[in-house]
Amino acid sequence: MAPTLRIVIIGGGITGAAAAAELAREGQAITLLEQHGIAAMASGWTLGGVRQSGRDPAELPLARAAVEIWGELAKTLGADVEYRRSGNLRLARTPAEVDIIRALVSNQQALGLEVHFLSDNAAIRTVAPEISRNVLAASYCPTDGHANPVKATRAFARFAKEHGAVVREGVAALGITTQGNRVTGVDTSEGFIPADRVIVAAGVNTPSLLSPLGANLPLSIRITHVVQSDPLPSHLLPVFGVANADCAGRQEVDGRLRFSSGAGAWPGDPSEWTERSLAPSAAQIRSVVDRVAQVLPIAAEAPIARSWGGLIDMTPDALPVIDAPRFPSGLVIGAGFSGHGFCLGPVSGLLCADLALGRVPRHDLSAFRLGRFTGRVTTPSQLTLHG
């Protein structure tokens, strides 16, 4: 029998929590560190879309595998994560956007995904009657869906804890220690934790933890704003987005509308964010509502209950890093999900677990290696699809 490993996971988002759940289930000695609270950042602010459509070809196999896991997740974790496989619409508002959506559908169909091109407004409104009559066309993937991001992430963390993991919220990782070619532990705000493996799934804070080790993860930090309404009668089943990703939305299980803006630049220090510093102004809230109302008119009059901001860890190619670099040995990275990592969480967690245990990963990770950025002039990518 292989010896039990001491594994510290930095980051209480869905990737870190899912990795903790799997490794704890397998009997490893797990400590999950989260500077704020479980699902405090990207895995909490997110729209909660669980989609395959619109994915990069390298990412699509991970998304398809994740959707299968989502279907059984409530049973696996013993918790209702509010997963609904109710489809995803990507809307075209102009003739130019119609061409973008048509090409997206063609490319995704060629990869074997069930996705349909809805060529007129009547076809769209058959799927989602509340969509504006001004929308010209859409893609529709019936096997996409959505889930409650906070409930899902916390369910993974709870499962990990039930299987012996130590979950420490409010504890910041200050640095990763090494000796020779190996990681030896993590310095935290509450003292040193020895470790045989360290998984860094810390989102926007990942580069600052990696750079002292000589590892460079180039991220551009973006901000998006999210608005949530009071509960409404059931109007909309699929998640919706638009061709240029400047808004997206869904109706939650309890009837609330949850919709988001596109991504803008954020010049702040990612280690010093607070809910207040990310919160949208009244004008920004109005802008989000007005944009969404162009494609979903009921949003214009929906009473607003809450609003918040979230940060996106964008890599230059908008693909995540899921890797175990050669130096230092024992380090695993799962970060840079670029605004569309929530769906992948159950799979990215498993992949981080594979890497931490030295197993051959269950999916091809060649497109997600950290080394792909070495020697390249990297420029910030544009968010193309989220939700």
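The values are calculated or read from the model by the stated rules, or taken from the named source; none is laboratory data. Since we're looking at a predicted model, the values are computed, not measured. So basically every Cβ, Gly included, is an ideal-geometry build from the backbone, and we count neighbours across all protein chains shown. Ligands, DNA and RNA are stripped out before the accessible areas are found, and what is left, the full protein with its side chains, is counted by its heavy atoms. Shrake-Rupley method; radii C 1.70, N 1.55, O 1.52, S 1.80 Å.
Roughly how tilted is helix 149-162, in degrees to the nearest 10 and between 0 and 90, from the longest Cα axis of the chain?
Helix 149-162 sits roughly 30 degrees off the main axis of the chain.
Just going by the charge dipole of the chain, with Lys and Arg at +1 and Asp and Glu at -1 on Cβ, which of 300, 109, 18 is farthest out on the positive end?
Of the candidates, 109 comes out farthest on the positive side.
From the alpha carbon gyration tensor of the chain, can you work out the equivalent ellipsoid semi-axes (sqrt of 5 times each eigenvalue) and give them in Å, largest to smallest?
Values: eigenvalues 244, 87, 80 Å².
Listed largest to smallest, the semi-axes of the chain are 35, 21, 20 Å.
Starting from the Cα of residue 216, step 7 Å along the direction of its Cβ; do the same at residue 329; then give the gap between the two resulting points in nm.
2.6
Quick one: compute the contact order of region 16-117, relative version, from alpha carbon pairs under 8 angstrom and 6+ residues apart, as a percent.
Working: 43 pairs, mean separation 19.3, N = 102.
Relative contact order of region 16-117: 19 percent.
Read phi for every residue in region 15-20 and hand back ³J(HN,Hα) as whole Hz from Karplus 6.51 cos²θ - 1.76 cosθ + 1.60, θ = phi - 60°, with x for Gly and Pro.
Along region 15-20, the couplings run 5, x, 5, 5, 5, 4 Hz.
Roughly how many debye, to the nearest 20, is the charge dipole of region 168-309 about its Cα centre, given +1 on each Lys and Arg Cβ, -1 on each Asp and Glu Cβ, and no other charges? It would help to have the intermediate numbers written out before the result.
Values: 11 positive and 13 negative charges, 48 e Å.
With only Lys, Arg, Asp and Glu charged at Cβ, the dipole is about 220 debye.
For the chain, calculate the relative contact order in percent as a whole number, restricting contacts to Cα pairs under 8 Å that are 6 or more residues apart.
Working: 929 pairs, mean separation 91.6, N = 387.
The normalised contact order for the chain reaches 24 percent.
Using only the Cα atoms of region 84-205, construct the convex hull and provide its projected area averaged over every direction, in square nanometres to one decimal. Mind showing how you got there, number by number?
On the way: hull surface 49.8 nm².
Hull-based average projected area comes out at 12.4 nm².
Using Cα pairs under 8 angstrom and six or more residues apart, how large is the relative contact order of region 142-193, in percent?
Details: 36 pairs, mean separation 11.1, N = 52.
After rounding, I find 21 percent.
Could you check what % of the DSSP bridge pairs in the chain are antiparallel, to the nearest 5?
Numbers: 47 of 68 bridges.
The antiparallel proportion sits near 70 percent.
Give the separation of the Cα centroids, region 111-133 to region 178-211, in Å.
Result: 46 Å between the Cα centres.
Any idea of the accessible area per residue across the chain, 1.4 Å probe, to the nearest Å²?
40
Check each of the GluC sites (Glu not before Pro) in region 1-91 and keep only those in coil by DSSP with at most 10 other C-beta atoms within 10 angstrom; list them in order.
Values: sites: 22, 26, 34, 59, 68, 72, 82; in loops: 26, 59, 82.
For GluC sites (Glu not before Pro) across region 1-91 that sit outside H, G, I, E and B with at most 10 neighbouring Cβ atoms in 10 Å, the list is empty.
Round to the nearest 10 and report in Å² the accessible area of residue 14, as given by a 1.4 Å probe over the protein chains' heavy atoms.
Its heavy atoms expose roughly 0 Å² to the probe.
Mind jotting down the distance between the C-alpha centroids of region 303-375 and region 85-105, whole Å?
What the calculation gives is 27 Å, centre to centre.
Against the longest alpha carbon principal axis of the chain, how many degrees, from 0 to 90 and to the nearest 10, is the axis of helix 60-77 turned?
80
Return the sequence-ordered ³J(HN,Hα) values of region 350-364 in whole Hz as given by the Karplus equation 6.51 cos²θ - 1.76 cosθ + 1.60 applied to θ = phi - 60°, using x for Gly and Pro.
For region 350-364, the Karplus curve yields 5, 5, 4, 5, 4, 5, 5, 9, x, 8, 5, x, 6, 9, 5 Hz.
On the protein heavy atoms, probe 1.4 angstrom, tell me the percent of accessible surface of region 298-349 carried by carbon and sulfur. Intermediate values should be presented prior to the final figure.
Details: 690 of 1350 Å².
The computed percentage sits at 51.
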